[in-house]
Amino acid sequence: MRFLSAVVALSVTMTLVGAVAAQAQSPQAAPAATVGESFTLPSTVMGMERELNVLLPAGYADQPDRTWPVVYLLDGGQAQDFPVYANIAADLMAAGEMAEVIFVGVASMDRQNELTWRSADRRIIRQWPNHGQSDRFRRFLEQEVKPWVETNYRTGGDDAVLGESAAALFIIETFLSTPDLFDRYLAVSPSMWWDRGNLGADSAALLAGHSAADRQLLLTIADEGGEMQAGLDALLAALATAPPEGLIWSYEPRHDLTHSTIFLQMGPAFLRQAYPPQPQPR
């Protein structure tokens with residue numbers, strides 16, 4: 001389940017993803033994938049097998065000399081958001097509403113452990129004693145997931161990461177701390193209340209350390225209010241005051257939506273914005 005605003009009662013459960021036994025050191029296709037292809041990746045960083053899901057663009061097999069951008073969806077298990085978003089992406093591509101991409105779902109297992117940094121807040125420590133390994137999950141993406149995708153598919157060097165709530169918090173932390181990991185950061189209702197809003201408070205100093213590069217950051221939030229909005233507002237103020245050179249960023253609040261409805265509205269909108277349809281050669 002996703003984090004809600006700090007002013008809302010929180011109830012979080014661990015999503016357990018069934019693993020398919022891996023043979024040798026290479027992921028093997030799972031026999032019952034619902035959408036796209038499902039794989040099991042043996043992870044040294046995480047110390048366990050992890051689920052990856054891949055949906056290829058319709059023309060992939062027929063264009064052996066072409067490369068594609070990659071969109072990485074966090075919480076991207078077959079039992080999580082991948083089936084819905086892979087189908088949405090496929091429909092947008094088929095309708096010519098977005099450029100073709102390789103769509104990769106990265107399943108999460110313990111979201112508080114994998115998507116948050118360690119907090120000194122006693123409330124958080126009591127409620128989620130196992131939280132705080134986002135650095136390890138980031139290394140998993142950098143050292144294992146992305147290299148596997150780039151080895152097995154014809155990628156073009158343009159990567160985006162998409163997620164909501166705690167996953168969006170992880171996306172913003174990644175953008176601020178290791179901006180070179182992705183080219184495009186698509187964050188829907190990030191849980192900026194985490195750790196008493198420290199990420200927003202630290203954002204100006206972190207942005208000051210960014211080198212010039214072409215990057216994109218898309219932000220939105222629902223009717224969260226409270227610490228959720230305050231933490232995001234601090235980030236927005238830092239971006240408005242001193243945006244890194246080369247960064248294209250936008251903020252579209254959707255206070256007409258709720259935490260439970262915004263992802264289905266703004267996730268597709270962000271995909272279209274990040275990867276608009278390309279003109280066809282004459």
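Just want to confirm a number: the relative contact order over the chain, from Cα pairs under 8 angstrom separated by 6+ residues, in percent.
It rounds to 18 percent for the chain.
Solvent-accessible area per residue for the chain at a 1.4 Å probe radius, Å²?
Ligands and nucleic acids excluded, the figure is 44 Å² per residue.
Between residue 135 and residue 61, what FRET efficiency comes out of the Förster formula 1/(1 + (r/R0)^6) with R0 = 25 Å and r the beta carbon distance, rounded to 0.05?
0.10
Any idea how far the Cα center of region 232-282 sits from the one of region 143-191, in Å?
Rounded to whole Å, the Cα centres lie 14 Å apart.
Here are a few candidate values for Cα extents along the principal axes in Å: [x] 65, 44, 37; [y] 59, 39, 39; [z] 51, 46, 35. Which one was actually calculated from the structure I just gave you?
[z]
Hey, any idea what % of the chain's accessible area is carbon plus sulfur with a 1.4 Å probe?
51
Label-point separation (nm) for residue 212 and residue 79, each offset 7 Å from Cα along Cα-to-Cβ?
It works out to 4.9 nm between the two label points.
Based on the mean of other Cβ atoms within 10 Å per residue, sort peptides 114-122, 186-194, 226-234, 244-252 so the most packed one is first.
186-194, 226-234, 114-122, 244-252
The values are calculated or read from the model by the stated rules, or taken from the named source; none is laboratory data. The model shown is predicted, which means the values in this text are computed figures rather than measured ones. Cβ coordinates were reconstructed from backbone atoms using ideal geometry, including for glycine residues, and neighbour counts include every protein chain displayed. The area values use the complete protein model at the heavy-atom level, side chains included, leaving out ligands, DNA and RNA. Shrake-Rupley method; radii C 1.70, N 1.55, O 1.52, S 1.80 Å.
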